[in-house]
1. Among the residues of the range 106-126, which ones are hydrophobic (A, V, I, L, M, F, W, C) and either crowded, with 19+ Cβ neighbours inside 10 Å or free of Cβ contacts under 8 Å to residues at least 12 places away in the same chain (or both)?
2. Which one is least open to solvent (accessible area, probe 1.4 Å) among residues in the range 62-93 that are under 25 Å from residue 116 (Cβ atoms) and touching a His at 6+ places or on another chain (Cβ under 7 Å)?
3. Take residue 99 and tell me if it is surrounded by 17 or more Cβ atoms within 10 Å (Cβ to Cβ) and of a type in the set (Gly, Ala, Ser).
4. Among (1) open to solvent by less than 30 Å² (accessible area, probe 1.4 Å); (2) under 18 Å from residue 87 (Cβ atoms), there is one condition residue 129 misses while meeting the rest; what is its number?
5. Could you go through the range 174-194 and let me know if any residue there is buried (at least 17 other Cβ atoms within 10 Å of the Cβ), aromatic (Phe, Trp, Tyr) and more than 23 Å from residue 75 (Cβ to Cβ).
6. Within the range 174-235, which helices (runs of 4 or more DSSP H) (wholly inside it) include 3 or more residues that are modelled with pLDDT under 95 and out of contact with any helix residue (DSSP H, G or I) (no Cβ under 7 Å at 6 or more places or on another chain)?
7. Taking residue 98 as meeting all but one of (1) farther than 30 Å from residue 122 by Cα; (2) charged (D, E, K, R); (3) in contact (Cβ under 8 Å) with a residue 12 or more places away in the chain, write down the number of the exception.
Amino acid sequence: MKITLLTGKTFDFSKDFDFDIKVKKVSTAKKLVLRIDEKNHCAVVSIPKYCSQKQAMRFLKENEDWIINTLAKLPKLTNFNDGDEIRVFGKKYRISYDAKHKGTCFENDLIKVGGDKTFLHRRIKDFLKKTAVDSLAEMSLMIAKKINAKVVSVSVKDTKSRWGSCSTAGNINYNWRIVFAPEDVIYYLVCHEVSHLKHPNHSTEFWKLVEDLCPHCKDSRKWLKIKGKDLYKYN
């Protein structure tokens, strides 16, 4: 992968590694920092402003085994396909394709989808995003009412690492893939973000409110930390 930095330098690691690498220049960084982008299945290296390619190469070589092993543990990326079984808000559904079917919908334990089969994955993804925003908005409003807080808007996004965010203006964003999590984990996430309407921080008061709203919050938070990466299975 060849990356051109803002400094005009070009770092090309395409011939040196068998995995994708993103390079980020961080002007305030004092050292090289490495992380794994679980959504895009690649290594991300943040480098100081004046780091050379030779220095970056040596750093990556020193950590090559860790990168390979960590990437190998990530769930394999796949598309939605006819016959797949998925859980949505805790309930198991099977994707059922019929070219003559109009639109996409839930029908008993099926997600029925029609149209050109080439676009099945996109149609299912769009349908799940719509389902997510409708259900999460309803849950957010219900929980906000309990604490006398106001939700201005709810939206879903395709974020890389955050499961949710809440602005001081009352706008809440959720990662749409949370629909694949167990119901208690989804409920925890909504309680977490709604609680930020009262406490825009992670203070003791904030966590007390979360626990009041969601007594199982510690277990759900732990589940999301450990199992959350598995929810990125679908592109």
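1. Going through the range 106-126, the residues hydrophobic (A, V, I, L, M, F, W, C) turn out to be 106, 110-111, 113, 119-120, 124.
Matches in the range 106-126: 111, 113, 119, 120, 124.
2. 80
3. Judged against the criteria, residue 99 is not a match.
4. Unmet condition: (1).
5. yes
6. 217-227
7. It fails just one condition, (1).
Rundown of residues vs (1) in a helix (DSSP H, G or I); (2) surrounded by 12 or more Cβ atoms within 10 Å (Cβ to Cβ), yes/no style:
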{"residue": "31", "(1), (2)": "no, no"}
{"residue": "35", "(1), (2)": "no, yes"}
{"residue": "44", "(1), (2)": "no, yes"}
{"residue": "56", "(1), (2)": "yes, yes"}
{"residue": "60", "(1), (2)": "yes, yes"}
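The values are calculated or read from the model by the stated rules, or taken from the named source; none is laboratory data. Given the structure is predicted, the values throughout are model-derived calculations rather than measurements. All Cβ positions, glycine included, derive from the backbone under ideal geometry; neighbour counts span all protein chains shown. Please note that ligands, DNA and RNA were not included when accessible areas were found on the heavy atoms of the full protein model with its side chains. Shrake-Rupley method; radii C 1.70, N 1.55, O 1.52, S 1.80 Å.
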